[in-house]
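For reference, the structure discussed in these notes is given below.
The values are calculated or read from the model by the stated rules, or taken from the named source; none is laboratory data. Model, not experiment: these values are computed from the prediction. Positions of Cβ are generated from backbone atoms using ideal geometry, with glycine treated the same way; all protein chains shown enter the neighbour counts. Calculation scope for accessible area: heavy atoms of the full protein, side chains included, ligands and nucleic acids excluded. Shrake-Rupley method; radii C 1.70, N 1.55, O 1.52, S 1.80 Å.
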Amino acid sequence: MKVLLAEYTAARDPALAPEGRAMLDVLTKSFAACGYEVILPGPGDFYEELVRLAPTCDMGLVIAPDTLLSRFSLPIEQHCHTLGCGSMNVAVCANKRSTEKILRAHGVPVPPPAPAGGKHIVKPVTGCDAQGVRLTEDAPGNGEFSQAYIEGELYSVSLLVNRVVGEACLYFSGNPPVVLAINRQDVAANDDGTFTYLGGETPMHPAREQEIIETAKKAATVLGCQGYCGIDVIVADKVYVLDVNPRITTSIVGIAACMDEEIAQLIVSTSEGIAPEEVHFHGKVRFDRFGKVTPV
């Protein structure tokens, strides 16, 4: 079977290219190991490449910045079996202000509004990889919003969310999301107040593991995520959801390096609503944003 793996940044966004290449490399090797023929887009217009290649493939998966992912997901949904999140849900998650509003309305803890005066977090309404996020006393600019700054431990939760919408008559199973791993996030605070994502460590078992897991599952379920997704949280007096990534995240580099199962087969099974109830790990690793993995 042919699978289209379409990663946008590796050849088109220098700032995010290292992470894009690392994710694509892991997925390409895993799908090949599972016996799939991997098809990659050519150097032309990315959207046109998806339109050209999707009808020739049995399934497809797009990895791209959240602001672009919804549009790029459409040709996959229209022409072959999609392994990722639905385009409508991706569009909702891409708007961080809308995501915050929806999660708060459903009782999922999110950072409170920024207080009057003092330092707070300003972030783009749309964005990824901590780009544009900063600790500042300034008011948000156009296309930005603010939140209270919370001191705590940063984690991401990598989930496999069984098919819940789209092709429901074929693949809806009612099975709950499956936790791949909790990942410690390594984020550097720069002198100018900005932040840089450096990588992390996985799998982790924090003291409040079950609370972290349940919060992440509820966030993904409320937003209708499907397939592989990553929920960024900060653990303080509560477990607050900082971001919802309806796509492959860099943590997959570390997870795939020490997980017994093949990540490709898990992604395919999840798209059919039959992800396994649990996965198994041998050891723990640190990983960076360039794809380097080091056993712990």
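Assorted remarks:
- Placing unit charges on the Cβ atoms only, positive for Lys and Arg and negative for Asp and Glu, gives the chain a dipole magnitude near 320 debye about its Cα centre.
- Of the residues Met259, Met88, the one with the largest accessible area comes first in the ranking Met88, Met259, computed with a 1.4 Å probe on protein heavy atoms.
- At R0 = 41 Å, FRET efficiency that the Cβ-Cβ distance of Glu278 and Asp138 yields, to 0.05: 0.35
- Farthest toward positive dipole pole in region 1-159 [+1 Lys/Arg, -1 Asp/Glu at C-beta], among Ala64, Leu53, Gly117: Gly117
- Model label points for Gln210 and Val51, set 7 angstrom from Cα along the Cα-to-Cβ axis, are 5.2 nm apart.
- Farthest toward positive dipole pole in the chain [+1 Lys/Arg, -1 Asp/Glu at C-beta], among Ala105, Val92, Phe290: Ala105
- At 1.002 mPa s and 20 °C, Stokes D of region 9-77 from Kirkwood alpha-carbon radius, µm² per second: 168 µm²/s
- Rounded to the nearest whole angstrom, the semi-axes of the ellipsoid equivalent to region 109-164, taken from the Cα gyration tensor as √(5λ), stand at 25, 14, 11, largest first.
- The slack between Phe145 and His106, meaning 0.36 nm per residue of separation minus the straight C-alpha distance, is 12.0 nm.
- Scanning the chain for long hydrophobic helices, with DSSP H runs required to stretch 18 angstrom or more by C-alpha along their axis and to average at least -0.5 on the Kyte-Doolittle scale, returns 17-33, 66-79, 209-222.
- Where the chain is the region considered: accessible area per residue in Å², 1.4 Å probe: 43 Å²
- When shorter helices are ignored and each DSSP H run of at least 4 residues is given -39500 (n - 2.57), the per-residue value for the chain at 222 nm works out to -9000 deg cm²/dmol.
- Solvent-accessible area assigned to carbon and sulfur over the chain amounts to 53 percent, based on a 1.4 Å probe.
- Label separation (Ala116 vs Asp192): 3.1 nm, computed from points 7 Å beyond Cα along the C-beta direction.
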